[in-house]
Amino acid sequence: MTFSEWLRERSEPAWTKVVEHRFVDELFAGCVPAERMRSYLVQDYQFVDGFLALLGAAVARADRYTSRLAVAGSIGVVTSEENTYFQRAFDELDVPESDRTAPVLDPATAEFRELMADTTDKGSYADVLTVLLVAEWTYLDWASRAPDSPPPNFVHAEWIALHANPEFRHWVDWLRAEVDRIGEGLDERERARCLRLFQHATRCELDFFDAHGPVPPDVRGDGPDEG
Ligand SMILES: Cc1ncc(C[n+]2csc(CCO)c2C)c(N)n1
C-alpha cells in the first residue's frame with residue numbers, strides 16, 4: 001500500500017462521509033437551495049484564500065525545481081478559472097460586497113483556516129503536502145461520482161465541472177505521487193504527524209459540508225434552517 005492510500009484508509013469513515021455527503025448529492029441534482037449555496041460559496045472563498053497561502057508554502061518548501069513548477073501551475077488555476085467562477089456565482093446569488101471580502105466566518109471555516117495557517121507557518125514540506133492532498137483529493141473523489149448530465153444552473157454545474165475534469169485529476173495524481181515520494185524519506189514520527197494532519201483535515205472537510213446542511217436545527221443548535 002502506498003503512503004497516500006494508507007493515510008486515506010486510516011481516515012475512514014470520515015473520508016467516505018465527505019465523498020458521499022448529502023450536500024454533494026444535492027449539488028448533482030441541482031437542488032441545493034440558493035441560500036445554502038450562497039453561504040457555502042461565501043465561506044469557501046475564505047477557505048480558498050488560506051489554501052492559496054498553503055500552496056505558496058509548498059512552492060517555498062519543495063525540495064526540487066520540478067515540484068515547485070507543478071505546484072505553481074495549480075496556483076494558476078485557483079487564481080484564474082476558479083476565481084472568475086466565484087465572482088460570477090456571487091453576482092448570480094446577489095452576494096453583498098461585505099460577504100465577498102470579509103464575511104463572519106463559520107466555526108468550520110475558522111478551524112480549517114487555522115489548520116492551514118499553522119501548516120503554512122510551521123509545517124514541513126510533507127506537512128504542507130498532506131493538508132493540500134486532503135483538500136484536493138476529497139474534491140476529486142466526490143466529483144468523480146457526478147452523473148453524466150449536469151444540473152441546469154451554472155452555479156451548480158460549474159462547481160462540479162471545476163473538480164470533474166482530466167486536468168484536475170492529473171494534478172491530484174501528481175500530489176499523491178509527491179506525497180508517496182516524500183513519505184519514503186520520513187521517519188516514524190514524521191509519518192505519524194502526517195497522519196494526524198490528514199485526519200484533522202478530513203474532519204475539517206466533513207465539518208465544512210455539515211455546516212451547510214441539511215442538518216436538523218436541533219443538531220446545529222442555531223435556529224431554524226432557512227434553506
Ligand atoms: C473546503 C474545501 N476543500 C477543498 C476544496 C478544493 N479546492 C480548493 S482550491 C481548489 C483549486 C484547485 O487547485 C480546490 C479544488 C474546496 N474548494 N473547499
Report task. For the stretch 27-139, restrict the atom set to alpha-carbon positions and state the Rg and Dmax in Å. Result -> 15.2, 45
Query raised in the report: Mind checking the log10 I(q)/I(0) for the stretch 131-177 at q = 0.22 Å⁻¹? Debye, one equal scatterer per Cα, no solvent, two decimals.
Result: -0.73
Report task. Determine the distance separating the Cα centre of the stretch 150-179 from the Cα centre of the stretch 38-65; give it in Å without decimals. Result -> 16 Å
**Report entry** Estimated inter-spin distance, TYR125 and THR101, nm [label 7 Å along Cα→Cβ]
**Finding:** 3.8 nm
Report summary line: extent check for the chain: Cα max minus min per principal axis, descending, whole Å, gives 49, 37, 36
Report task. Give, rounded to the nearest 20 debye, the magnitude of the charge dipole that the stretch 17-125 has about its Cα centre when Lys and Arg contribute +1 at Cβ and Asp and Glu contribute -1 at Cβ. Result -> 480 debye
Requested in this report: Return the sequence-ordered ³J(HN,Hα) values of the stretch 115-125 in whole Hz as given by the Karplus equation 6.51 cos²θ - 1.76 cosθ + 1.60 applied to θ = phi - 60°, using x for Gly and Pro.
Outcome: 4, 5, 5, 4, 5, 4, 6, 10, x, 6, 4
Query raised in the report: Using the Karplus equation 6.51 cos²θ - 1.76 cosθ + 1.60 (θ = phi - 60°), what ³J(HN,Hα) coupling, rounded to whole Hz, does each residue of the stretch 172-181 give in order, writing x for Gly and Pro?
Result: 5, 4, 5, 4, 4, 4, 5, 4, 5, 5
Query raised in the report: Between ASP63 and LYS17, what is the FRET efficiency for a Förster distance of 30 Å, r being their Cβ-Cβ separation, to the nearest 0.05?
Result: 0.35
Query raised in the report: For ALA53 and ARG88 in the same chain, what is the full-extension length gain: residue separation times 0.36 nm, less their Cα-Cα distance, in nm?
Result: 10.3 nm
Query - Integer Hz, Karplus 6.51/-1.76/1.60 couplings in order for the stretch 139-145, x for Gly and Pro - result: 5, 4, 5, 5, 5, 5, 8
**Report entry** Neighbourhood net charge (13 Å Cβ-Cβ; Lys/Arg +1, Asp/Glu -1) for ALA192
**Finding:** +1
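Any read-out appearing in this document is the output of simple, stated calculations on the displayed coordinates, not a laboratory observation. In this text the structure is predicted, and so the values were computed from the model without any measurement. Using ideal geometry, Cβ is built from the backbone for each residue, glycine included, and neighbour counts are taken over all protein chains shown.
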